[in-house]
1. When only residues in region 18-55 that are under 20 Å from Ile69 (Cα atoms) and modelled with pLDDT under 85 count, which is farthest from the chain's Cα centre (by Cα)?
2. Condition first: under 17 Å from the mean Cα position of the chain (by Cα), open to solvent by less than 90 Å² (accessible area, probe 1.4 Å) and at pLDDT 75 or above. Can you find one or more residues in region 115-124 that meet it?
3. Mind counting the residues in region 66-98 that are assigned to a loop (DSSP other than H, G, I, E, B) and of a type in the set (D, E, K, R)?
Amino acid sequence: MSQAGLATVATAPAGLAPGSSGRLFLVSYLPTYAGALSILWLAWAGAPGGALSMRRAWRTAAGLGVGEIVLIAAGITVVAVVFQPLQLAMVRLLQGGWRDALGAGLCRARQRRRKARLERRTVVPRPRATRRRRR
(Lines give C-alpha, C1' and ligand atoms only; values in the text may rest on other atoms or scores of the structure.)
Protein backbone atom coordinates (compact mmCIF):
# COMPACT_ATOMS: atom_id res chain seq x y z
CA MET A 1 0.00 0.00 0.00
CA SER A 2 1.37 3.43 -0.90
CA GLN A 3 1.93 6.26 1.57
CA ALA A 4 -1.03 8.17 0.11
CA GLY A 5 -3.26 5.12 0.43
CA LEU A 6 -2.15 4.58 4.00
CA ALA A 7 -2.78 8.24 4.80
CA THR A 8 -6.35 8.01 3.53
CA VAL A 9 -7.06 4.83 5.47
CA ALA A 10 -5.39 5.82 8.72
CA THR A 11 -6.62 9.30 9.46
CA ALA A 12 -7.01 10.66 12.94
CA PRO A 13 -10.42 9.91 14.41
CA ALA A 14 -12.71 12.93 14.36
CA GLY A 15 -12.81 14.74 17.67
CA LEU A 16 -10.00 12.73 19.26
CA ALA A 17 -7.38 15.45 19.14
CA PRO A 18 -8.53 18.76 17.69
CA GLY A 19 -5.88 20.41 15.56
CA SER A 20 -3.73 17.30 15.20
CA SER A 21 -2.90 15.91 11.82
CA GLY A 22 -3.16 12.37 10.60
CA ARG A 23 0.64 12.09 10.94
CA LEU A 24 0.37 11.91 14.74
CA PHE A 25 -2.09 9.07 14.33
CA LEU A 26 0.18 7.25 11.86
CA VAL A 27 3.44 7.54 13.81
CA SER A 28 2.22 7.46 17.39
CA TYR A 29 -1.23 5.99 17.95
CA LEU A 30 -1.24 3.31 15.27
CA PRO A 31 2.10 1.67 16.20
CA THR A 32 1.24 1.89 19.90
CA TYR A 33 -2.11 0.18 19.29
CA ALA A 34 -0.45 -2.51 17.16
CA GLY A 35 2.24 -3.24 19.74
CA ALA A 36 -0.10 -3.18 22.74
CA LEU A 37 -2.71 -5.38 21.09
CA SER A 38 -0.01 -7.86 20.02
CA ILE A 39 1.24 -8.08 23.59
CA LEU A 40 -2.31 -8.44 24.91
CA TRP A 41 -3.07 -11.16 22.38
CA LEU A 42 0.04 -13.09 23.38
CA ALA A 43 -0.78 -12.71 27.07
CA TRP A 44 -4.32 -13.94 26.47
CA ALA A 45 -2.84 -16.91 24.58
CA GLY A 46 -0.72 -17.80 27.61
CA ALA A 47 2.66 -16.40 26.50
CA PRO A 48 4.36 -15.93 29.87
CA GLY A 49 3.75 -19.58 30.72
CA GLY A 50 3.70 -22.72 28.67
CA ALA A 51 2.16 -23.48 25.31
CA LEU A 52 0.35 -20.80 23.35
CA SER A 53 -3.30 -21.36 22.59
CA MET A 54 -4.79 -19.05 19.99
CA ARG A 55 -8.23 -20.47 20.76
CA ARG A 56 -7.89 -19.29 24.35
CA ALA A 57 -6.84 -15.83 23.12
CA TRP A 58 -9.78 -15.70 20.72
CA ARG A 59 -12.22 -16.76 23.46
CA THR A 60 -10.85 -14.09 25.79
CA ALA A 61 -11.07 -11.39 23.11
CA ALA A 62 -14.58 -12.47 22.08
CA GLY A 63 -15.71 -12.43 25.71
CA LEU A 64 -14.74 -8.80 26.28
CA GLY A 65 -17.54 -6.40 27.02
CA VAL A 66 -17.94 -2.92 25.57
CA GLY A 67 -16.65 -1.33 28.76
CA GLU A 68 -13.51 -3.45 28.74
CA ILE A 69 -12.82 -2.63 25.09
CA VAL A 70 -13.28 1.10 25.77
CA LEU A 71 -10.97 0.83 28.80
CA ILE A 72 -8.26 -0.94 26.76
CA ALA A 73 -8.55 1.64 23.95
CA ALA A 74 -8.41 4.54 26.42
CA GLY A 75 -5.38 3.04 28.17
CA ILE A 76 -3.50 2.57 24.92
CA THR A 77 -4.39 6.12 23.85
CA VAL A 78 -3.08 7.52 27.13
CA VAL A 79 0.18 5.59 26.69
CA ALA A 80 0.53 6.92 23.13
CA VAL A 81 -0.13 10.50 24.21
CA VAL A 82 2.25 10.32 27.18
CA PHE A 83 5.12 8.76 25.23
CA GLN A 84 4.71 10.88 22.08
CA PRO A 85 6.98 13.71 23.35
CA LEU A 86 9.65 11.13 24.22
CA GLN A 87 9.57 9.59 20.75
CA LEU A 88 12.38 11.71 19.29
CA ALA A 89 14.61 11.06 22.31
CA MET A 90 13.99 7.30 22.08
CA VAL A 91 14.82 7.25 18.36
CA ARG A 92 18.02 9.23 18.95
CA LEU A 93 19.02 6.87 21.75
CA LEU A 94 18.44 3.83 19.54
CA GLN A 95 20.42 5.45 16.73
CA GLY A 96 23.45 5.93 18.98
CA GLY A 97 22.90 9.46 20.25
CA TRP A 98 24.31 8.55 23.65
CA ARG A 99 25.79 11.91 24.51
CA ASP A 100 22.34 13.41 25.08
CA ALA A 101 21.00 10.46 27.03
CA LEU A 102 20.84 10.06 30.77
CA GLY A 103 23.71 7.91 32.00
CA ALA A 104 25.66 8.35 28.78
CA GLY A 105 28.92 9.03 30.60
CA LEU A 106 28.72 5.72 32.47
CA CYS A 107 27.96 3.81 29.29
CA ARG A 108 30.83 5.45 27.41
CA ALA A 109 33.26 4.76 30.27
CA ARG A 110 32.21 1.10 30.29
CA GLN A 111 32.63 0.91 26.54
CA ARG A 112 36.13 2.44 26.76
CA ARG A 113 37.14 -0.05 29.49
CA ARG A 114 35.95 -2.97 27.39
CA LYS A 115 37.78 -1.65 24.34
CA ALA A 116 41.02 -1.18 26.33
CA ARG A 117 40.72 -4.71 27.75
CA LEU A 118 40.22 -6.17 24.29
CA GLU A 119 43.17 -4.17 22.94
CA ARG A 120 45.41 -5.54 25.72
CA ARG A 121 44.35 -9.10 24.92
CA THR A 122 44.89 -8.70 21.19
CA VAL A 123 48.17 -10.02 19.84
CA VAL A 124 49.23 -8.51 16.57
CA PRO A 125 51.51 -10.83 14.58
CA ARG A 126 54.83 -9.34 13.56
CA PRO A 127 55.57 -9.33 9.86
CA ARG A 128 58.12 -11.87 8.71
CA ALA A 129 61.41 -10.68 7.37
CA THR A 130 61.27 -11.03 3.63
CA ARG A 131 64.25 -12.15 1.64
CA ARG A 132 65.06 -10.48 -1.56
CA ARG A 133 65.09 -12.89 -4.42
CA ARG A 134 68.16 -12.98 -6.59
CA ARG A 135 67.65 -12.86 -10.27
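The values are calculated or read from the model by the stated rules, or taken from the named source; none is laboratory data. Note that the structure is a prediction, hence the values are computed from the model and not measured. With ligands, DNA and RNA removed, areas are computed over all heavy atoms of the protein, side chains included. Shrake-Rupley method; radii C 1.70, N 1.55, O 1.52, S 1.80 Å.
1. Checking each candidate, the answer is Phe25.
2. No, that holds for no residue.
3. Final tally of qualifying residues: 0.
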